[in-house]
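**Student:** Take a look at this one; I'll ask things after.
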(Lines give C-alpha, C1' and ligand atoms only; values in the text may rest on other atoms or scores of the structure.)
Protein backbone atom coordinates (compact mmCIF):
# COMPACT_ATOMS: atom_id res chain seq x y z
CA UNK A 1 0.00 0.00 0.00
CA UNK A 2 1.32 3.33 -1.03
CA UNK A 3 1.20 6.29 1.37
CA UNK A 4 -1.39 8.91 0.48
CA UNK A 5 -0.13 12.42 0.96
CA UNK A 6 -3.62 13.96 1.12
CA UNK A 7 -4.78 11.46 3.74
CA UNK A 8 -1.61 12.06 5.77
CA UNK A 9 -2.09 15.85 5.79
CA UNK A 10 -5.76 15.46 6.77
CA UNK A 11 -4.85 13.24 9.71
CA UNK A 12 -2.04 15.55 10.84
CA UNK A 13 -4.38 18.55 10.59
CA UNK A 14 -7.08 16.78 12.62
CA UNK A 15 -4.50 15.77 15.24
CA UNK A 16 -3.23 19.37 15.46
CA UNK A 17 -6.75 20.73 15.90
CA UNK A 18 -7.55 18.05 18.52
CA UNK A 19 -4.36 18.83 20.43
CA UNK A 20 -5.11 22.56 20.49
CA UNK A 21 -8.70 21.95 21.69
CA UNK A 22 -7.44 19.65 24.46
CA UNK A 23 -4.87 22.31 25.46
CA UNK A 24 -7.57 25.02 25.61
CA UNK A 25 -9.84 22.77 27.71
CA UNK A 26 -6.95 21.99 30.06
CA UNK A 27 -6.20 25.70 30.44
CA UNK A 28 -9.87 26.45 31.18
CA UNK A 29 -9.94 23.72 33.83
CA UNK A 30 -6.71 25.02 35.38
CA UNK A 31 -8.08 28.57 35.39
CA UNK A 32 -11.31 27.37 37.01
CA UNK A 33 -9.38 25.50 39.68
CA UNK A 34 -7.27 28.55 40.34
CA UNK A 35 -10.39 30.67 40.84
CA UNK A 36 -11.97 27.99 43.06
CA UNK A 37 -8.77 27.82 45.11
CA UNK A 38 -8.73 31.62 45.49
CA UNK A 39 -12.37 31.53 46.58
CA UNK A 40 -11.67 28.77 49.11
CA UNK A 41 -8.74 30.77 50.51
CA UNK A 42 -10.94 33.86 50.91
CA UNK A 43 -13.54 31.79 52.76
CA UNK A 44 -10.94 30.19 55.04
CA UNK A 45 -9.40 33.58 55.81
CA UNK A 46 -12.82 35.07 56.60
CA UNK A 47 -13.68 32.11 58.86
CA UNK A 48 -10.38 32.43 60.73
CA UNK A 49 -10.90 36.19 61.15
CA UNK A 50 -14.42 35.56 62.48
CA UNK A 51 -13.14 32.95 64.90
CA UNK A 52 -10.41 35.26 66.17
CA UNK A 53 -12.93 38.10 66.60
CA UNK A 54 -15.21 35.95 68.79
CA UNK A 55 -14.41 36.47 72.49
CA UNK A 56 -13.26 33.39 74.38
CA UNK A 57 -15.79 31.93 76.83
CA UNK A 58 -18.58 34.03 75.35
CA UNK A 59 -21.50 34.01 77.76
CA UNK A 60 -25.13 34.43 76.76
CA UNK A 61 -26.89 36.01 79.74
CA UNK A 62 -30.55 35.37 80.38
CA UNK A 63 -33.14 36.94 82.65
CA UNK A 64 -33.30 33.81 84.86
CA UNK A 65 -37.08 33.50 84.54
CA UNK A 66 -36.59 29.78 84.04
CA UNK A 67 -35.12 29.47 87.53
CA UNK A 68 -37.31 32.16 89.09
CA UNK A 69 -40.70 30.69 88.14
CA UNK A 70 -41.12 26.94 88.62
CA UNK A 71 -44.23 26.94 86.39
CA UNK A 72 -42.14 28.42 83.51
CA UNK A 73 -44.65 31.24 82.99
CA UNK A 74 -41.93 33.55 81.67
CA UNK A 75 -40.51 31.11 79.13
CA UNK A 76 -41.25 30.11 75.56
CA UNK A 77 -43.92 27.43 75.43
CA UNK A 78 -45.75 28.04 72.16
CA UNK A 79 -46.90 24.80 70.58
CA UNK A 80 -46.55 22.81 73.80
CA UNK A 81 -49.51 21.49 75.77
CA UNK A 82 -50.82 23.81 78.50
CA UNK A 83 -52.81 23.28 81.70
CA UNK A 84 -56.25 24.81 82.22
CA UNK A 85 -54.70 27.83 83.96
CA UNK A 86 -52.54 28.57 80.90
CA UNK A 87 -49.24 27.34 82.29
CA UNK A 88 -47.17 24.93 80.25
CA UNK A 89 -47.21 21.21 81.04
CA UNK A 90 -43.80 20.86 82.71
CA UNK A 91 -42.99 17.44 81.23
CA UNK A 92 -43.44 18.89 77.74
CA UNK A 93 -41.32 21.94 78.58
CA UNK A 94 -38.59 19.68 80.00
CA UNK A 95 -38.70 17.56 76.84
CA UNK A 96 -38.13 20.73 74.77
CA UNK A 97 -35.18 21.79 76.94
CA UNK A 98 -33.74 18.26 76.79
CA UNK A 99 -33.97 18.24 72.98
CA UNK A 100 -32.33 21.65 72.68
CA UNK A 101 -29.49 20.61 74.97
CA UNK A 102 -28.90 17.24 73.30
CA UNK A 103 -29.38 18.36 69.69
CA UNK A 104 -30.54 14.83 68.76
CA UNK A 105 -33.34 14.69 66.18
CA UNK A 106 -35.02 11.82 68.08
CA UNK A 107 -35.33 14.06 71.15
CA UNK A 108 -37.04 16.76 69.05
CA UNK A 109 -39.44 14.14 67.70
CA UNK A 110 -40.29 13.15 71.29
CA UNK A 111 -41.49 16.65 72.32
CA UNK A 112 -45.21 16.48 73.16
CA UNK A 113 -47.29 18.99 71.22
CA UNK A 114 -50.32 20.94 72.34
CA UNK A 115 -52.14 20.61 69.05
CA UNK A 116 -51.84 19.26 65.54
CA UNK A 117 -49.15 21.67 64.34
CA UNK A 118 -45.49 20.94 64.84
CA UNK A 119 -42.91 23.33 66.22
CA UNK A 120 -41.47 25.77 63.69
CA UNK A 121 -37.72 25.25 63.19
CA UNK A 122 -36.96 24.02 66.71
CA UNK A 123 -33.44 23.03 65.63
CA UNK A 124 -32.55 26.37 64.02
CA UNK A 125 -30.33 27.31 66.94
CA UNK A 126 -28.15 24.29 66.15
CA UNK A 127 -27.40 25.45 62.60
CA UNK A 128 -24.19 27.19 61.56
CA UNK A 129 -24.28 30.49 59.71
CA UNK A 130 -22.01 30.52 56.67
CA UNK A 131 -22.51 34.20 55.89
CA UNK A 132 -21.65 36.88 58.40
CA UNK A 133 -20.96 36.13 62.05
CA UNK A 134 -22.35 32.97 63.57
CA UNK A 135 -25.40 33.65 65.72
CA UNK A 136 -23.70 32.09 68.73
CA UNK A 137 -20.89 34.65 68.42
CA UNK A 138 -23.30 37.53 69.07
CA UNK A 139 -24.71 38.63 72.41
CA UNK A 140 -28.11 40.16 73.02
CA UNK A 141 -28.95 41.55 76.45
CA UNK A 142 -31.53 39.51 78.35
CA UNK A 143 -35.17 40.49 78.35
CA UNK A 144 -36.70 42.02 81.44
CA UNK A 145 -38.26 39.77 84.06
CA UNK A 146 -41.76 38.46 83.59
CA UNK A 147 -43.70 38.88 86.82
CA UNK A 148 -45.75 35.86 87.80
CA UNK A 149 -49.45 36.38 88.39
CA UNK A 150 -51.71 34.16 90.49
CA UNK A 151 -53.85 33.18 87.52
CA UNK A 152 -53.87 34.01 83.83
CA UNK A 153 -57.67 33.92 84.01
CA UNK A 154 -57.48 36.91 86.38
CA UNK A 155 -55.89 38.87 83.53
CA UNK A 156 -58.66 37.85 81.15
CA UNK A 157 -56.87 35.14 79.19
CA UNK A 158 -59.68 33.22 77.52
CA UNK A 159 -57.99 29.86 77.00
CA UNK A 160 -54.87 27.81 77.61
CA UNK A 161 -53.17 28.48 74.28
CA UNK A 162 -50.66 30.80 75.90
CA UNK A 163 -50.72 34.52 76.61
CA UNK A 164 -52.85 36.61 74.29
CA UNK A 165 -53.31 39.93 76.05
CA UNK A 166 -56.87 41.15 76.60
CA UNK A 167 -58.14 44.08 74.57
CA UNK A 168 -57.28 47.45 76.06
CA UNK A 169 -54.18 46.28 77.93
CA UNK A 170 -50.58 46.98 77.08
CA UNK A 171 -49.34 43.50 77.97
CA UNK A 172 -48.19 41.42 80.90
CA UNK A 173 -46.59 42.98 83.98
CA UNK A 174 -42.96 43.68 83.18
CA UNK A 175 -39.97 45.01 85.06
CA UNK A 176 -36.49 45.71 83.75
CA UNK A 177 -33.94 43.64 85.61
CA UNK A 178 -30.85 44.79 83.76
CA UNK A 179 -29.17 45.80 87.06
CA UNK A 180 -29.90 42.40 88.65
CA UNK A 181 -26.82 40.70 87.24
CA UNK A 182 -24.50 43.51 88.33
CA UNK A 183 -25.87 43.94 91.85
CA UNK A 184 -26.89 40.36 92.56
CA UNK A 185 -30.23 41.50 93.94
CA UNK A 186 -33.55 39.84 93.39
CA UNK A 187 -36.38 41.30 91.38
CA UNK A 188 -39.51 42.58 92.97
CA UNK A 189 -42.65 42.73 90.90
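The values are calculated or read from the model by the stated rules, or taken from the named source; none is laboratory data. Here the structure is a predicted model, which is why all the values come from computation and not from measurement. Note: ideal-geometry Cβ built from the backbone for every residue, glycine included; neighbour counts use all protein chains shown.
**Student:** Kindly check whether there is at least one residue in segment 101-111 that is touching a strand residue (DSSP E or B) at 6+ places or on another chain (Cβ under 7 Å) and at pLDDT 90 or above.
**Tutor:** No, segment 101-111 contains no residue that is touching a strand residue (DSSP E or B) at 6+ places or on another chain (Cβ under 7 Å) and at pLDDT 90 or above.
**Student:** Starting from residues that are in contact with a strand residue (DSSP E or B) (Cβ under 7 Å, 6 or more places away or on another chain) and part of a loop (DSSP other than H, G, I, E, B), keep the ones in segment 135-147 and report whichever is modelled with the highest pLDDT.
**Tutor:** Checked segment 135-147; the qualifying residue modelled with the highest pLDDT is 144.
**Student:** Let me ask something additional. Name the pairs whose Cβ atoms lie under 6 Å apart, with the first residue in segment 36-59 and farther than 13 Å from residue 131 by Cα, the second modelled with pLDDT under 85 and in a helix (DSSP H, G or I), and 6 or more positions between them or separate chains?
**Tutor:** Partner pairs satisfying both residue conditions: 54/137.
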